[in-house]
Amino acid sequence: MVTTVVTTDDRASSPKLLIAASGTGGHLFPALATAEQLPDYRIEWLGVPDRLETQLVPDRYPLHTISVEGFQQRFGLGSLKIFGRLTGSIWQVRQLLQQGRFQAVLTTGGYIAAPAIVAARSLGLPVVLHESNALPGKVTRWLSPLCSAVAIGFETSAQYLPLAKTVHVGTPVRSQFRSALEASQPLELPIPADVPLIVVVGGSQGAVAMNQLVRQCAPVWLEAGAWMVHLTGNNDPDAASLNHPQYISLPFYGEMASILQRADLVISRAGAGTLTELAVTQTPAILIPYPYAAEDHQTYNANVFAQVGAALLFQQAELTVDLLQSKVLYLLQSPDIRQQMAEAMGKLAIADSAEQLADLMRSLT
């Protein structure tokens with residue numbers, strides 16, 4: 001059964017679009033940024049109960065939710081149950097599209113994309129799928145031939161989608177991020193203007209091991225005069241274990257545009273959303289891909305940046321305290337190299353990604 005949060009919209013003559021995006025900011029923020037570039041569309045949303053979209057979407061767009069989940073790695077009884085639920089969810093979405101008289105579907109991948117794509121194409125509706133990762137996810141690889149177009153965040157993604165019509169548009173960043181950049185908002189943290197700043201972006205998933213390594217390295221960097229802002233995520237039990245006047249530990253920081261612009265160097269995982277923001281702010285980085293990401297897709301993302309000299313890439317398993325300490329000190333003492341990295345970052349940025357994706361959607365409806 002489809003559950004709907006109802007809002008009022010009287011633009012009856014506008015094209016009607018269903019956006020299927022669920023789960024994490026990596027799926028939701030590019031979709032929301034694109035939706036904001038389609039003010040002439042009547043937009044409704046397809047999500048899953050108890051995920052991030054239930055917090056972010058209802059104040060902006062009518063939200064429909066269905067129960068659907070991803071496939072397991074190995075085929076078995078659990079997979080048969082999931083397949084049965086997928087079949088049911090396709091039927092639910094098909095009914096929603098018919099009854100709501102939608103004219104197109106936009107999805108940003110993940111498991112919710114499967115019922116949205118299949119249902120839409122069974123009705124002859126155009127579908128645009130956005131894939132932010134360098135290695136497209138399984139749903140994208142399997143179902144991209146059904147889509148009217150696949151918008152890709154990395155040019156290299158096209159090689160994994162030989163049967164799809166791909167268009168390189170980059171990955172849209174959050175509108176709040178873009179607004180902060182345009183306004184050149186100052187960093188609201190007590191950090192002197194003339195000191196080198198290292199920003200560590202741990203994130204909420206897989207951050208603990210990287211956080212521990214960084215804290216072991218930190219005394220050497222702080223002794224060298226650097227300041228640090230360490231975004232640890234919420235799941236680090238040792239987040240408060242290091243105390244130093246030049247070290248600021250926070251679970252998250254809301255003004256990422258200002259802190260990335262101020263940073264001399266970022267140490268980060270390699271999620272597509274974070275990499276997009278690093279490219280837009282032209283911030284040099286050391287990338288440590290999350291080793292348990294699906295199909296190691298973060299390494300594929302990081303490789304794109306490392307190959308053009310925008311970042312240094314290290315696998316977590318090979319990275320020692322001595323190695324990370326020395327690489328960071330070397331970069332802090334090498335402004336010319338950081339400038340070259342920043343310029344390479346800028347060449348990977350597509351500032352109008354949301355507009356390009358919105359224009360692609362318009363071209364098909």
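Taking 37 °C and 0.692 mPa s as the conditions, I'd like the Stokes-Einstein D for the chain in µm²/s, using the Kirkwood hydrodynamic radius from alpha carbon pairs.
Reported coefficient: 153 µm²/s.
Efficiency by 1/(1 + (r/R0)^6): what FRET value for residue 188 and residue 343, r their Cβ-Cβ distance, R0 = 35 Å, to the nearest 0.05?
Efficiency, rounded to the nearest 0.05: 0.80.
Compute from the Cα atoms of region 178-348 the Rg and the Dmax, the latter being the longest Cα-Cα distance, and quote both in angstrom.
Calculated on Cα positions, Rg and Dmax stand at 14.7, 41 Å.
Please give the peptides 325-337, 103-115 ranked by average Cβ packing (other Cβ atoms within 10 Å per residue), highest first, as a rough proxy for protection.
Working: 325-337: 14.6, 103-115: 25.4.
Those peptides, ordered most packed to least, come out 103-115, 325-337.
Using a basic spin-label model with each label point 7 Å from the Cα along Cα→Cβ, how many nm lie between residue 155 and residue 252?
3.4
Could you tell me the relative contact order of the chain? Use alpha-carbon pairs under 8 Å, at least six residues apart, and round to a whole percent.
15
Suppose the chain between residue 241 and residue 322 were pulled fully straight at 0.36 nm per residue; how much longer would it get relative to their current alpha carbon spacing?
Net length gain for the segment: 27.1 nm.
Can you give the FRET efficiency for residue 54 and residue 216, using 1/(1 + (r/R0)^6), R0 = 45 Å, r = Cβ-Cβ distance, to the nearest 0.05?
The pair residue 54/residue 216 has a calculated efficiency of 0.70.
Can you list residues from other chains, or at least 5 along the same chain, whose modelled amide H is less than 5 Å from the amide H of residue 57?
Those qualifying (amide H under 5 Å, at least 5 residues apart or on another chain) number zero.
Note down the relative contact order for region 259-319 as a percent, whole number, built from C-alpha pairs under 8 angstrom at least six residues apart.
33
Using only the alpha carbon atoms of region 309-365, find the Kirkwood hydrodynamic radius as the inverse mean reciprocal pair distance, in angstroms to one decimal.
After inverting the mean inverse Cα-Cα distance, the result is 14.3 Å.
Where does the chain land at 222 nm, in deg cm²/dmol rounded to the nearest 500, when only DSSP H runs of n ≥ 4 count, each adding -39500 (n - 2.57), divided by all residues?
For the chain, the value works out to -12000 deg cm²/dmol.
Set the Förster distance to 22 Å, then compute FRET efficiency between residue 295 and residue 123 from the Cβ-Cβ distance, nearest 0.05.
Efficiency for this residue pair is about 0.10.
Using Cα pairs under 8 angstrom and six or more residues apart, how large is the relative contact order of region 178-348, in percent? Display every interim value, and only then the final one.
Details: 279 pairs, mean separation 38.5, N = 171.
Normalised by residue count, the contact order of region 178-348 is 23 percent.
Could the peptides 142-148, 95-101 be put in order, highest first, of the mean number of other beta-carbon atoms found within 10 Å of their residues?
In decreasing order of mean packing, 142-148, 95-101 become 142-148, 95-101.
In the chain, what % of DSSP beta bridges are antiparallel (nearest 5)?
Here the share of antiparallel DSSP bridges comes out near 5 percent.
Would you mind putting 286-297, 243-254 in packing order, based on average other-beta-carbon counts within 10 Å, highest first?
Most protected by this proxy first, the peptides run 286-297, 243-254.
Distance in nm between label sites at residue 163 and residue 98, each 7 Å beyond Cα in the beta-carbon direction?
2.6
Each reported figure results from applying straightforward, stated rules to the coordinates on display, with no laboratory input. Computed from a predicted structure; not experimentally measured. Cβ atoms come from the backbone with ideal geometry, glycine included; neighbour counts cover every protein chain shown.
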